[in-house]
Amino acid sequence: MATIRASCETCGDVELTTDDIRIRVCIDDNRGDYSFKCPDCEMTVLKAAEPRTIDLLVAAGVVVDAWNLPAEMQEAKIGRPISHDDLLEFHNKLHDNNAWDMALAHLLDS
């Protein structure tokens, strides 16, 4: 099992094994990152990784998790973007019991 040196923002350089590191690669755009739990402070560290870094980690025996972008990313965007005012209005409706009652009544009528 290979020993890998990585850097924790709090503790500095730490030594890890291939079992301590996880790689994630997006199949759709080839972006990747790796994560590990720092052996000193026990915080999870997440770092973006260039393809060359990923290749080196894979060659050392680190397991790769592949994932896809959510399907919603491919949907056509129609209408105007949500504004700050839209969010405030939504927040207010969530706290308005009458709005909840009207929404439930509308659902039951459908």
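Within straight-line reach of K47, meaning a Cα separation under 22 Å, sit the following lysines at least 8 residues removed in sequence or on another chain: K37.
Scoring 81-93, 13-25, 46-58 by mean Cβ neighbours within 10 Å over their residues and listing the highest first yields 13-25, 46-58, 81-93. Listed options for mean projected area of the Cα convex hull in nm² are (1) 6.6; (2) 8.4; (3) 12.1. The value calculated from this structure is the one marked (3). Which part of the range 39-61 falls in the paramagnetic zone of M73, meaning amide N under 20 Å from the point 7 Å along Cα-to-beta-carbon? Only 46-55 fall inside the zone, counting backbone N under 20 Å. Roughly what % of DSSP beta bridges within the range 3-69 run antiparallel, to the nearest 5? Antiparallel bridges: around 80 percent, rounded to the nearest 5.
Phi angles across the range 26-32 convert, under the Karplus curve 6.51 cos²θ - 1.76 cosθ + 1.60 with θ = phi - 60°, into 3J(HN,Hα) values of 7, 5, 6, 10, 6, 6, x Hz, Gly and Pro given as x. Measuring nothing but how far apart in sequence close Cα pairs (under 8 Å, 6+ apart) lie, relative to its length, the range 3-69 scores a relative contact order of 33 percent.
The angle between the Cα long axis of helix 97-109 and the longest principal axis of the Cα atoms of the chain comes to about 80 degrees, rounded to the nearest 10.
Shown in residue order for the range 49-59 are the 3J(HN,Hα) couplings computed by the Karplus curve 6.51 cos²θ - 1.76 cosθ + 1.60 at θ = phi - 60°: 9, 6, x, 4, 5, 4, 4, 5, 5, 5, 4 Hz (x for Gly and Pro).
Rule-based calculations on the coordinates, nothing more; no lab input. It should be emphasised that the depicted structure is a prediction, and the values quoted were computed from it without experimental measurement. Virtual Cβ from ideal backbone geometry, glycine too; neighbours counted across all protein chains shown.
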